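Please read the structure below before turning to the comments.
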Amino acid sequence: MENERIVMNCENTTIPGVHADTALENAKTEVSQRRRRTSADDAIKAILQATSDLMCEGAAGHINVDQVAERAGFHKMTIYRNFGSRDGLFERYGDWLRENERANWYEVQKSSLLASKGGLSSFFEDLEQRLQTNSSASVRLFKLDFLFGDQVPPVRRIFEQHQKELRSLIVSLAMSSGADDAEALTDTLLLLWRGAISAPTHAPAPTENRLSRLIDQALKRYGCREAQH
């Protein structure tokens with residue numbers, strides 16, 4: 001509708017120094033370019049989502065461009081046109097996961113502030129919930145690095161940067177929580193995080209909160225104010 005309005009407005013408007021036909025042609029070109037950009041964005045999102053879906057299935061280590069194209073509903077040339085190669089697709093997919101996870105961290109921290117709840121506890125409670133529903137981008141990023149990090153160096157760099165960003169976040173939260181030794185607590189929590197994302201399991205009900213309990217023990221050990229007493 002917005003695109004049609006642009007064309008209609010130009011049909012009824014004369015721009016000083018520009019012939020009406022030229023203005024109309026320019027408007028139509030702008031509409032066409034905007035539609036192509038929208039179409040390309042939709043294709044990229046569909047391809048990244050298809051890649052993510054395939055990564056969660058049994059043969060993730062053998063994913064190829066043909067499989068992704070079939071799952072996304074596009075010709076494989078669409079993938080080559082937008083990503084250049086399978087390795088280019090995996091690199092973009094890794095960036096997409098990293099961006100999604102950072103956005104989630106922001107939302108979790110914002111919610112914890114509104115609820116006057118500890119940031120570290122909120123972060124790991126959210127992680128545990130997403131492990132249970134297989135919706136953690138960190139898990140998928142770890143899997144991507146595990147399967148293809150040696151073959152596609154940019155994927156390895158993305159995962160390493162992801163861990164650095166997480167460490168910075170946890171150090172900041174640990175300091176805010178009054179930890180006796182924020183660096184040591186961060187090391188402990190990162191080990192628990194790494195263990196959780198590298199071996200996600202759908203545990204039975206009695207052990208569903210195992211990660212939360214381990215986190216709380218670590219927070220108590222380092223004297224954090226948000227530890228449950």
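None of the figures in this text is laboratory data; all of them are computed from the coordinates on show. Keep in mind it's a predicted model, so treat the numbers as computed, not measured. In this analysis, Cβ positions are derived from the backbone assuming ideal geometry, glycine residues included, and neighbour counts consider all displayed protein chains.
Extending 7 Å from Cα along the Cβ direction at Gln67 and again at Arg221 yields two label points whose distance is 3.9 nm. Sequence-ordered 3J(HN,Hα) estimates for segment 96-112 from the Karplus curve with 6.51, -1.76 and 1.60 and θ = phi - 60° stand at 4, 5, 4, 5, 4, 5, 5, 4, 5, 4, 4, 5, 5, 5, 5, 5, 5 Hz, glycine and proline given as x. When Rg and the Kirkwood Rh are both derived from Cα coordinates, the Rg/Rh ratio for segment 86-229 amounts to 0.98. Straight-distance candidates among the lysines for linking to Lys76, with alpha-carbon spacing under 18 Å and chain neighbours fewer than 8 residues away dropped: Lys45.
Estimated from the Cβ-Cβ distance and a Förster radius of 22 angstrom, the FRET efficiency linking Arg156 and Leu192 is about 0.50. Residues Phe124, Phe83, arranged from fewest to most other Cβ atoms within 10 angstrom of their Cβ, appear as Phe83, Phe124. The calculated FRET efficiency for the pair Lys110 and Lys164, based on their C-beta separation and a Förster distance of 25 Å, comes to about 0.70. Normalised by the number of residues in segment 34-160, what is the relative contact order in percent for Cα pairs under 8 Å and 6+ residues apart? For segment 34-160, the relative contact order is 25 percent. For Lys76 and Asn134, what is the calculated FRET efficiency with R₀ set at 41 Å and r taken between the beta-carbons, to the nearest 0.05? Given R0 = 41 Å and the Cβ-Cβ separation, E is 0.90.
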